[in-house]
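Notes follow the structure.
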Amino acid sequence: MSQAAFDSALDGEWKLLWYSTSNFSPLLKLPVLRPDSYQYFGDVASREVGEGRVAQGLNGGVLGALGPGAQLWLSSGATSKEGSPGALEIYPPFRFQLGGPVGSGRPKRTIVEADSDADFRAVNGRDTEAQLAPKNEYEQIYMEDAGVGSLRISVISKGDPVIVGEMFVHQKI
């Protein structure tokens, strides 16, 4: 798949259907009241968190205690890895924010902003090994390009040793 075709297929909103383990987010470990998890790429991410950024949003479940329509946002810079259009390199600044759901226009309040992988991993209680690890990379190992309902399978292929190898299945909404 060419870079342009990859970017076009990835653009939009994706809902998490399945993940291999729960090291990625403590909230996804919850057996009940687990929030819904979404990823945002391209135009929707640009409108919500800025140009050249990607975002993950968590809402519902236990997060209902934050108020009606509350969504937690985690965003970072992202760029396709040269020579490998299915791989995304993730880079700072990292922002963890509270706001409304996608498209709501509700302002986001920054809870944490980190200017390096090490700083963000430290805030997340990661050990020294994780703080010194290289940038995270996500590789799309399968991606359909049929619009709404398309499936995408990705894996964290490099970076924070706590989450390398994590696999995710998302569906485009």
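Here are a few things to note about the model shown:
- Applying the criterion of being out of contact with any Phe, Trp or Tyr (no Cβ under 7 Å at 6 or more places or on another chain) and polar (S, T, N, Q) to the residues of region 136-156, the residue that is modelled with the lowest pLDDT is ASN136.
- Residue, modelled with the highest pLDDT, within region 17-63, restricted to residues that are assigned to a helix (DSSP H, G or I) and within 21 Å of VAL123 (Cβ to Cβ): VAL49
- Scanning region 87-99 for residues that are crowded, with 18+ Cβ neighbours inside 10 Å and of a type outside the set (A, V, I, L, M, F, W, C) yields GLU89, ARG95, GLN97, GLY99.
- Filtered residues of region 99-122 (kept if hydrophobic (A, V, I, L, M, F, W, C) and either in contact with an Asp or Glu (Cβ under 6 Å, 6 or more places away or on another chain) or within 24 Å of PHE41 (Cβ to Cβ) (or both)): VAL102, ILE111, VAL112, ALA114, PHE120
- Only one entry in ILE141, ILE156, ILE111 is touching a Gly at 6+ places or on another chain (Cβ under 8 Å) and either farther than 25 Å from GLY50 by Cβ or exposed (fewer than 15 other Cβ atoms within 10 Å of the Cβ) (or both), namely ILE141.
- Residue in region 78-86 that is out of contact with any strand residue (DSSP E or B) (no Cβ under 8 Å at 6 or more places or on another chain) and on the phi < 0 side of the Ramachandran plot present: yes
The values are calculated or read from the model by the stated rules, or taken from the named source; none is laboratory data. None of these values were measured; they are calculated from a predicted model. Using ideal geometry, Cβ is built from the backbone for each residue, glycine included, and neighbour counts are taken over all protein chains shown.
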